[in-house]
Amino acid sequence: MITVSTKVSDLKMIGPNYQTKLKNMGIATVEDLLYHTPFRYENYSTVSDIATLQEGETVTVTGKINSFFNIYTKTGKKIQKIILSDETGSIMVIFFNQPYLSNILYKDRKITVAGTVKKYIKDLSFLSPQYEIYQQGNASLHTGRIIPIYPESKGVTSKWIRSRIASLLNKIKIRLDEYLPKEIIQKYGLTEINRAIYDIHFPKNLNETEKARKRLSFNELTVIQIASLIRKRGNEKEKIRLLMNYSKYTEYIEKFISSLPFKLTPAQYKAVEEIINDLKKSKPMNRLLEGDVGSGKTIVAVIASYFTYLNGYKSVIMAPTEILVKQHYQTLLHLLKKEGLKISLITGKEKPPDRQLNKTDIFIGTHALLNQDLPQEKIALIVIDEQQRFGVEQRSLIRIKGNNP
């Protein structure tokens, strides 16, 4: 029995060559294939007689092939020229570099063609249109409707993807489990999941695609939110091994803040207070500090690092570029060296000698920090500047450089 968890390698409709190509596209199961959604659509739902066609129209026509010519030009181009006729007239259909089409689109075969009517030399023509063999009583898949255009890969066309998904939905009739409660679906006016999957691939109109996309987007955001909550709950169960004390060092923090060459803003004071309160707790802090460029996020991180130092522990600050790292390094030297802190710069090009690492109070560097052996048992605070420029895995890797920091 074929289900959403069935591997594409187990489907008869997908051979070994395509299995490899799909794997490279991140498609391993039937569910992956169904969620490989279109990025745009072509509207070929207007069906016309050949005699009424006008330049610039995007339409579908059905006719019989009067002739097929493979033309080889002096420059080495291969042109396939077809004369297609219905009861009202004839039109040229042109393909390029597909001589094998003579085995498919031969004389007297009835086909359906969809595309935009253009001038080729002097005559109205379809240039490289969508086509399919006409079959009496069968609904069209690639013409005469709104057709999906997918992200493609070499050798994996939208037409191929479209036909496989159509088989899964129309012939095999794959069904997905609905995991959202009915009250949520009703509250937000969402489409049922199986209807959404069908409509995203084979809509009757573009309004259906918007409703389907809304439902699938809701799914994605729901999964992200649940994963975030699970991670947060896991973090809340963790216990801090390197506990910090504020009352013991209140005087030092206040003295340091008053010695700064500028006055902290109320927002900076609030951020510092909340971060220090978090650092005193028995569970790890996981906080996002947000502010415009120049709003003073760095000084908040500096104060938090100084507080960590006063408690006898070390801090790590990671930033995405060497330029930014060196700017922070100079700022920290300027503000903290007089307090006796030792700061080490670590990039892909430079790092301190090993004997200096154990004496360092603040490590600042690029992603090179991920490959650096650091004194794990003493690291209690990690600051990631411009965290959106690091991947989730990189951010988790830097955390294990510390002792549950």
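Under a crude label model (7 Å from the Cα following the beta-carbon direction), how far is Met1 from Ala227 in nanometres?
Reported label-point gap for Met1 and Ala227 is 2.9 nm.
Could you tell me the accessible area of Asp292 in Å² (1.4 Å probe, neighbours in place), rounded to the nearest ten?
120
Give the relative contact order (percent, whole number) for the chain; include only Cα pairs under 8 Å separated by 6+ residues.
10
Helix-only mean residue ellipticity at 222 nm, the chain, DSSP H runs n ≥ 4 weighted -39,500 (n - 2.57), per residue, nearest 500. What is it?
Values: 12 runs with 135 residues, N = 405.
Estimated from H runs of four or more residues: -10000 deg cm²/dmol.
With both bridge residues required to lie in the chain, what share of the DSSP beta bridges run antiparallel, to the nearest 5%? If you can, show how the numbers build up before the last one.
Working: 36 of 53 bridges.
Given both bridge residues lie in the chain, the antiparallel proportion sits at roughly 70 percent.
Can you pull the one-decimal nm distance between simple spin-label points at Ser247 and Arg395, each 7 Å off the Cα toward Cβ?
So the label points at Ser247 and Arg395 sit 3.5 nm apart.
If you keep only loop residues by DSSP, which chymotrypsin sites (Phe, Trp or Tyr not before Pro) in region 245-308 have at most 10 other Cβ atoms within 10 Å of their Cβ? Show your work: numbers first, answer last.
Numbers: sites: Tyr246, Tyr249, Tyr252, Phe256, Phe262, Tyr269, Tyr306, Phe307; in loops: Tyr246, Phe262.
Answer in residue order: Phe262.
Report, as a whole number in µm² per second, the diffusion coefficient that Stokes-Einstein gives for region 247-309 at 4 °C and 1.567 mPa s using the Kirkwood radius over alpha carbon pairs.
Working: Rh = 12.4 Å.
Here the translational diffusion coefficient equals 105 µm²/s.
How much accessible surface does Asp199 have with a 1.4 Å probe, in Å² rounded to 10?
The accessible area comes out at roughly 10 Å².
First measure r as the distance between the Cβ atoms of Thr58 and Tyr134, then evaluate 1/(1 + (r/R0)^6) with R0 = 25 Å and state the FRET efficiency to the nearest 0.05. Mind dumping the intermediate values first?
Numbers: r = 19 Å, r/R0 = 0.78.
Efficiency for this residue pair is about 0.80.
Quick check: the angle from helix 297-310's long axis to the longest principal axis of the chain, C-alpha only, nearest 10 degrees?
Computed tilt is about 40 degrees.
Using alpha carbons only, what's the Rg to Rh ratio of the chain with Rh from Kirkwood?
Working: Rg = 31.8 Å, Rh = 27.0 Å.
A ratio of 1.18.
I'd like to check one number: the per residue accessible area of the chain, probe 1.4 Å, reported in Å² as a whole number.
On the way: 23450 Å² over 405 residues.
About 58 Å² of surface per residue is accessible.
Which FRET efficiency value, to the nearest 0.05, do you get for Lys21 and Asn404 by plugging their Cβ-Cβ distance into 1/(1 + (r/R0)^6) with R0 = 30 Å? All intermediate terms of the calculation are to be shown ahead of the outcome.
Values: r = 44 Å, r/R0 = 1.45.
My answer for the efficiency is 0.10.
Residues with beta-carbon under 9 Å from that of Asp49, excluding Asp49: net charge, scoring Lys, Arg +1 and Asp, Glu -1? Kindly include the intermediate steps, with their values, before the conclusion.
Working: positive: none; negative: Asp86, Glu87.
Summing Lys/Arg as +1 and Asp/Glu as -1 gives -2.
Would you mind working out the magnitude of the charge dipole of the chain relative to its Cα centre, with +1 at each Lys and Arg C-beta and -1 at each Asp and Glu C-beta, to the nearest 20 Debye?
Details: 61 positive and 40 negative charges, 163 e Å.
The calculation lands at about 780 debye.
At 0.36 nm per residue, minus the direct Cα-Cα distance, what do Tyr100 and Thr88 gain on full extension? Give it in nm, one decimal, please. Intermediate values should be presented prior to the final figure.
Details: separation 12, 0.36 × 12 = 4.32 nm, distance 2.88 nm.
Length difference between fully extended and current span is 1.4 nm.
Lys/Arg Cβ at +1, Asp/Glu Cβ at -1, dipole of region 128-233 taken about the Cα centre: which of Gly189, Thr222, Pro151 is farthest positive-ward?
The residue sitting farthest along the positive end of the dipole is Thr222.
Sort Leu84, Leu243 by accessible area with a 1.4 Å probe, largest first.
Leu243, Leu84
Can you list the equivalent-ellipsoid semi-axes of region 296-390, largest first and in whole Å, using the square root of 5 times each Cα gyration tensor eigenvalue?
Values: eigenvalues 60, 52, 32 Å².
Semi-axis lengths for region 296-390 are 17, 16, 13 Å.
From the protein chains alone at 1.4 Å, what is the descending order of accessible area for Lys280, Lys270, largest first?
Values: Lys280 85, Lys270 125 Å².
I get Lys270, Lys280, largest accessible area first.
What distance in nm separates the two pseudo spin-label positions at Lys78 and Ser295, each 7 Å out from Cα along the beta-carbon direction?
Going by the 7 Å Cα→Cβ label model, 6.0 nm.
What accessible area, in Å² to the nearest ten, does a 1.4 Å probe give for Phe39?
120
Please state, to two decimals, what the Cα-based radius of gyration of region 1-68 comes to when divided by 2.2 N^0.38 Å (N = residues). Walk me through the numbers on the way to the answer.
Numbers: Rg = 19.0 Å, N = 68, 2.2 N^0.38 = 10.9 Å.
Relative to the 2.2 N^0.38 Å estimate, region 1-68 comes out at 1.74.
How far, in degrees from 0 to 90, does helix 322-336 lean away from the longest principal axis of the Cα atoms of the chain, to the nearest 10?
So the helix axis and the longest Cα principal axis differ by about 20 degrees.
Provide the FRET efficiency to the nearest 0.05 for the Ala166-Thr116 pair, computing r from the beta carbons and using R0 = 22 Å.
Calculated transfer efficiency: 0.40.
The values are calculated or read from the model by the stated rules, or taken from the named source; none is laboratory data. On a predicted model such as this, the values are computed, not experimentally measured, just so you know. Reconstructed Cβ throughout: ideal geometry from the backbone, glycine too, with neighbour counts over all protein chains shown. We work out accessible area using only protein heavy atoms, side chains counted, and drop any ligands, DNA or RNA first. Shrake-Rupley method; radii C 1.70, N 1.55, O 1.52, S 1.80 Å.
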